[in-house]
1. State the percent of C-alpha pairs, over all pairs in the chain, separated by a distance greater than 35 angstrom.
2. Calculate I(q)/I(0) for segment 2-142 by the Debye formula, one identical point scatterer on each C-alpha and no solvent, and give its log10 at q = 0.11, 0.18, 0.19, 0.22 Å⁻¹ to two decimals.
3. More than 15 Å apart: what percent of Cα pairs in segment 177-261 qualify?
4. Just to check I understand the Karplus step: with θ = phi - 60° and J = 6.51 cos²θ - 1.76 cosθ + 1.60, what whole-Hz values come out for segment 204-211, glycine and proline as x?
5. Just give me a number: lysine pairs in the chain, eight or more positions apart or cross-chain, with C-alpha atoms less than 16 Å apart.
6. Counting only GluC sites (Glu not before Pro) that are in a DSSP loop and have at most 14 other C-beta atoms within 10 Å, tell me the longest site-free stretch of the chain.
7. Round to a whole angstrom and tell me the spacing of the C-alpha centers of segment 23-81 and segment 223-269.
8. Grab the DSSP H runs of the chain that are 4 residues or longer, score each as -39,500 (n - 2.57), total them, divide by all residues and round the 222 nm result to the nearest 500 deg cm²/dmol.
Amino acid sequence: MTSALHLMHGRLRTNIFRDEARQKFVTLLDKTVGTKAIVWDERLTGPFGLVAEYSFLREHDVAKMFPLRAGRLPPSDVDTVVFLVRPEVGLMELVAENVQKEEEQGGRRKEFVLCFMPTGSGACERVLEERRVRGTFSQITSLEVRLLPLDADLLSMEYPLGFKAREDREYALENDPSCLFEAAQALLEIQLKFGIIPSICGKGNAAKKVYDYLLNLRREHQDSEFPTVCEIDTLLLIDRDVDLITPVATQLTYEGLIDEVFGIHNTPH
């Protein structure tokens, strides 16, 4: 719990998101049988490590953890293999290959569980059907965690491909609004915990779409579901497309230079 103490001293109680994510993850793990190996989408390993440390996972029968990669999974004497991934078509190819290699190997029979974070997609399930592995999974479920607390004043969706060109889900080149709807869902979760934000400003077309989605989602809830006093005064929505230069500029702080050379990804401090 010590790594989470810094989350309790910010302007917002971001530890709420950590505790909620831990509880949802525990519920998922406790629904599976016996000892478990978790196969991670590598982009989730670091940020999720701030939510559920390995010592915590061991308390829920997690014996092994592996990154999701092509080929066969490393040997493991477990009852259940849990794949925790983003809903991306490219990752489904890796999942299918892992499962097929395990089935071909024979030996001890394992259960396979596929968990999408935050939700699945029809395109992903079609890939599993085409690769003839969908029926191999005892469960295909979702871990609806949209926001991970990286610091006392920083929440991240860990959705780095929302703007990039991808073959499955992206916005900038194919005008796929999936990532914008997920952003609106995340903002709704913030308001359900901290109250309806009275002032919302935005810049760019994507910001306007997120705002529209957010208003539509909010209408689906009663006012009584939101705290009466809002802890956030203003929300700023900025479309990355309105400023493409800043991300490529050299960082000039000491921390920025360390990030440029070595890379800073996740830290509890």
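Where a number appears in this text, it was derived from the coordinates with a stated rule and is not lab data. Keep in mind the model is a prediction, meaning the values are calculated, not measured. As a convention, Cβ positions derive from the backbone with ideal geometry for all residues, glycine included, and neighbour counts pool all protein chains shown.
1. Within the chain, distances greater than 35 Å cover 22 percent of Cα pairs.
2. -0.42, -1.03, -1.13, -1.45
3. Tail of P(r) above 15 Å: 65 percent of Cα pairs.
4. Karplus values, whole Hz, x for Gly and Pro: x, 5, 5, 4, 5, 5, 4, 4.
5. Lysine pair count for the chain: 5.
6. The segment 60-143 is the longest one with no such site.
7. 28 Å
8. -11000 deg cm²/dmol, from helical runs alone.
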